[in-house]
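The values are calculated or read from the model by the stated rules, or taken from the named source; none is laboratory data. Please read all numbers here as calculations on a predicted model, not as lab measurements. Counting neighbours? That spans all protein chains shown, and the Cβs are built from the backbone with ideal geometry, glycine included.
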Amino acid sequence: MLITESRDLAEFCKRLEGAPYVAVDTEFLREKTYWPKLCLVQVAYDDQAAAIDPLARDIDLDPLFDLMDDQNVLKVFHSASQDMEVFFSVSGRVPEPIFDTQVAAMVAGYGEQVGYATLASQIVGVTLDKSSQLTDWSLRPLSDRQIEYALGDVTHLCTIYEELDDRLEESGRMSWVSEEMAALTDVSAYKPNPREAYRRVRIRRPSRKALAVLREVVAWREETAQHRNLPRNWVIRDDALIEISTHAPQNVADLSRVRGLRGNAAKGRDGEALLKAVRRALDMPQNEWPEIPPRRPPIRGHEALVALLQTLLRLRCEDHDVAQKLVATRDELDRIATSNDENIRPLQNWRRELFGNDALELKAGRLGLTGDHGQVRVLRADELG
């Protein structure tokens with residue numbers, strides 16, 4: 001069913017009041033914009049399933065947003081982060097409470113970041129038609145095939161959720177998933193902060209002055225991209241921002257020599273704005289310039305210890321049938337190996353019990369790894385001799 005009228009949407013959402021959960025998916029575009037353009041929302045529960053057209057003329061989406069806000073109805077997504085960002089962009093709030101089947105599948109032993117099609121095959125036993133995957137969802141009218149494809153993303157999701165929910169309850173791991181859901185519903189993650197955007201632009205061995213300039217010019221790009229609703233790199237590319245930050249041009253002639261500026265951009269309003277941003281950074285008291293991120297000095301044996309930690313992580317995740325990436329990343333293992341900081345994700349809550357305590361024991365020399373008939377085995381302190 002395709003919903004294009006406000007009354008039909010209100011009636012559909014009314015029928016879902018009191019449902020224990022609804023499966024939700026979105027189709028959106030953002031290749032040519034800064035803000036995602038919501039093109040379709042699919043919602044299903046039991047025998048109720050609809051594709052909601054947010055581009056339909058004069059349609060009132062408030063009943064949908066109210067359903068997403070209903071604390072008594074669990075919203076089930078697969079790989080929820082982008083869907084959450086889209087909802088925040090169009091409504092100023094995120095659905096809550098939620099359940100992400102991709103995260104749940106990682107906890108339940110289905111592998112690393114398993115895709116929806118894989119879960120549909122393994123749990124539901126269906127092979128999805130992905131021929132409409134790369135379609136332009138902003139074009140109207142939508143074909144029957146497109147609508148059928150879109151609804152398949154939520155009708156099968158209901159079955160997937162119920163199977164994963166049962167498995168997590170049986171294994172006692174529901175709290176593991178709940179911890180991850182709290183991070184996904186944190187609205188601060190979806191509020192772009194132009195003053196912090198410079199941290200995403202990598203500049204090699206920067207000075208504090210270069211970082212100060214980078215912060216200002218990247219903030220200008222972020223605000224301009226938002227205002228014009230254009231992708232960041234359509235405003236100005238990262239390499240041009242890095243060169244501006246390194247050389248801090250003072251006038252149009254200097255700015256014109258920056259590689260990556262389009263056409264006569266240096267002489268136009270963007271060039272003027274960039275020069276003002278550079279000047280703001282240089283006029284700022286130096287004690288307000290960003291600090292240079294600390295570089296951890298190389299520690300003898302560090303790489304070997306990280307390799308051992310990676311092996312231990314693989315063993316523990318295999319033992320507990322959970323995805324490694326959900327427990328610890330390579331960077332987190334590096335931090336465990338080189339610091340005494342315990343405010344690291346693998347050393348918190350369930351991850352510490354599953355892996356973190358053993359990781360610290362390995363680092364301290366109270367736990368070892370040995371070969372045993374082609375397998376790697378963990379040795380405790382009393383076995384090390």
**Study point:** Candidates K75, K14, K32, filtered to the one that is more than 26 Å from Q102 (Cβ to Cβ) and either outside any loop (DSSP other than H, G, I, E, B) or not assigned by TED's automatic domain parsing to the domain that holds G152 (or both)
**Key:** K14
Exercise for review: Six or more apart or on different chains, Cβ under 8 Å: which pairs go from a residue in region 34-58 that's within 14 Å of K75 (Cα to Cα) to one that's in a strand (DSSP E or B) and aromatic (F, W, Y)? Could you list them?
Suggested key: Y45/Y21
Review point. Restricting attention to region 115-147, which residues are at pLDDT below 90, surrounded by 13 or more Cβ atoms within 10 Å (Cβ to Cβ) and of a type in the set (A, V, I, L, M, F, W, C)?
Key: L128
Revision key, fill the gap. How many residues of region 358-375 are under 13 Å from L309 (Cβ atoms) and surrounded by 11 or more Cβ atoms within 10 Å (Cβ to Cβ)? The answer is 9
Exercise for review: Collect the residues in region 232-259 that are farther than 23 Å from R30 by Cα and not in a helix (DSSP H, G or I), keeping them in residue-number order.
Suggested key: A248, P249, Q250, N251, R257, V258, R259
